[in-house]
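S.K.: Mind looking over this structure? Questions follow.
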Amino acid sequence: MHIVRFLCVFIFCFSFLNASSQNKLYDRTGLDSLYQNLKSNLKRNDANLNKIDSAIASIDKLNNDTIAADFYHKFANLRLDLGHWDTISRQIHQKGFDRIKSSGDLCKLVTSQFNLTRFALFQDSPDLLDLANHGLEIAKQCGDLKQIAHAQSFVGAAYINDTDYKNALKNLLESEKNYISIKDSLGIAMVNLDLAMVHTFLQEKTKAIEATKKAAFIYKNAGRDLNYAVALIDMCSSYLDIKKTDSVIKYLPISHKIVENRHQLANAYVYQHYGRLNIQLGNYDEAIKNFKKGLEINTSIKNSGLYSSLYIYLAETYKEKKNPNLAYLYAIKSDSVSKNTKDDFERLKSILTLAKASYEVGKNKQSHDAFLDYIKLKDSVLGEEKLKEITALEKFYEAEKRDNKIKIQQQENDLLSTKNRAANNRNIALLITLLLLAAIAYALINKFRLRATKQKAITKVKELENDNLNQKVEYQKRELASKALHIAQKNEMLNELKADLSQLKKDNNTNGVNHLINKLHIDKQIDDNWEQFTTQFMEMNPNFFNSITELYDDLTKNDIRLIALLKMKYDSNSIASLLNISTEGVKKARYRLRKKLNLSSKDSLEKHIMSF
């Protein structure tokens, strides 16, 4: 993680202010405010580091274990973001773990354990696998599937560090499966980055690129720009392996812009990739500048694997520039650093580079010894893998051999028993066989006869049921049509009454008004026709309204009526008559209904309603 070291003109003033605040104790609110201020303006300077370290004394005074642990981890991670991957940061994380352990909360404890595992992962600590497995045990006790998936991803990463790619792949695939089941896209992205690394080591370049792309675009869509950048860096590494320089030129500058001043380790790898790109383009001087910039950034991180690979690339570049002495110098440095790494494949590359570089400068004995070491280590690495496979196969074949032996013995015993019974009871068996055949034949004949009779009865019942159902449907359709006709007649009559009342108002005709009142009284029996229409429609379509109202809970009674009429395939003129509105009103009602049903102008309202 690379963060640029800012030079401050007024460093004396900052130092003075910091010295005056070192003995200040913060309460919970003060600690939270300090953390937020530092996080929002995290610059690499001694003043910020001293503020973080002085806050630890305040956290020690907190009585609440859970709150204290949370602050320990927060401020420890701030130290890491400042590039201080040291024993102090680890000790602060350990304090957080110990306080949570005292509280007895397993689900918080596993999160605390993840901080320790993450630190060990980035420092290549020898206890990484133990920490990762311990985290998985706690996660399983907690029972939270998300925590379990996260713990499995850490175990997979630990196996990658141990170059045990089969176990790494197994744990990472289990982690991805659990993240998929809980629909955690960010978890899926994180696991796919590690899966890409495993596929790279297994020489599955296409799978590696696919996994990295998947992770990158999940992070991009989630707005996680830093994670997106790291994924792009990994993807560029795979593109460089297959010499696809166009894709590297496209994606590497995007990631560089994001990680510069924010993520030291990622920024160092960006410069390593720039160097590899320039080697493939034949720009050796530019490549050397890139690799040396990566080394400069790594001085604050001290990642031994990165040191080793950068030295190897520098040796290869100087070899291409016909400068064997400098190539030999960097090969020596790579060999020295790689001895402290646990990565056998990185060690193999380093030894082979030294063997070739020492030969170029005439150091034949050193070259010879390096080649012997390379062959010995390669045989050891490959031999160990083969030995594991052979051991597993031997166990499998031994188990299969035992099973086959037991089966053969059982078959021999069964055969012997059969022979004895046949010899003693041949005639009886023959008689029983004949009787059984006769019984079976009789039973089969009766069975077929009964089946045919039963099938006829079932067919007849179904025909009757279908007839009854068709009659019922036709009756209900007629009833609905009748109700609809009643409603239409009522609406027509109301319109006539409206017109008559308007005329009477003009003529001042009292007798006419009484006549109209009588007409209204006569037609009172059809006032509830809409309710009867709705009830009968629901009987014919029992799940129709439930399906619609579950999806669209803001539908009005008029919306429901319009939907029912559309379901019955009435045209706009008929609907206008039934609802007592104009055809223009029907168009407006349809438009409002389309909006409530979230339909675009291209979608058919009728088809959508008929789909329910």
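S.K.: Here is a list of conditions, (1) buried (at least 18 other Cβ atoms within 10 Å of the Cβ); (2) at pLDDT 75 or above, and Asp343 meets all of them except one; can you say which number that is?
M.R.: (2)
Conditions tested, residue by residue: (1) surrounded by 19 or more Cβ atoms within 10 Å (Cβ to Cβ); (2) within 20 Å of Gly135 (Cα to Cα).
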{"residue": "Gly30", "(1), (2)": "no, no"}
{"residue": "Asp60", "(1), (2)": "no, no"}
{"residue": "Trp85", "(1), (2)": "yes, no"}
{"residue": "Cys107", "(1), (2)": "no, yes"}
{"residue": "Gln113", "(1), (2)": "yes, yes"}
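S.K.: Is it the case that Ser334 is part of a helix (DSSP H, G or I), farther than 17 Å from Ala287 by Cβ and not aromatic (Phe, Trp, Tyr)?
M.R.: The answer is no for Ser334.
S.K.: Pull up region 288-314, narrow it to residues that are over 20 Å from Leu354 (Cα atoms) and of a type in the set (Gly, Ala, Ser), then point me to the one that is surrounded by the most Cβ atoms within 10 Å (Cβ to Cβ).
M.R.: Gly294
S.K.: For residues in region 120-144 being part of a helix (DSSP H, G or I) and touching a residue at least 40 places away in the same chain (Cβ under 8 Å), which is farthest from Asn167 (Cα to Cα)?
M.R.: Phe122
S.K.: Considering only helices (runs of 4 or more DSSP H) fully contained in region 486-599, which possess at least 1 residues that are modelled with pLDDT of 75 or more?
M.R.: 544-551, 557-567, 572-579, 583-596
S.K.: For Asn192, work out the one condition from (1) closer than 23 Å to Ser247 by Cβ; (2) outside any helix (DSSP H, G or I) it doesn't fulfil.
M.R.: Only one criterion in (1) closer than 23 Å to Ser247 by Cβ; (2) outside any helix (DSSP H, G or I) is unmet by Asn192, namely (2).
The values are calculated or read from the model by the stated rules, or taken from the named source; none is laboratory data. Small disclaimer: the values here were computed from a predicted structure and weren't measured. Methodologically, a virtual Cβ is constructed for each residue, glycine included, from the backbone with ideal geometry; neighbour enumeration extends over all protein chains shown.
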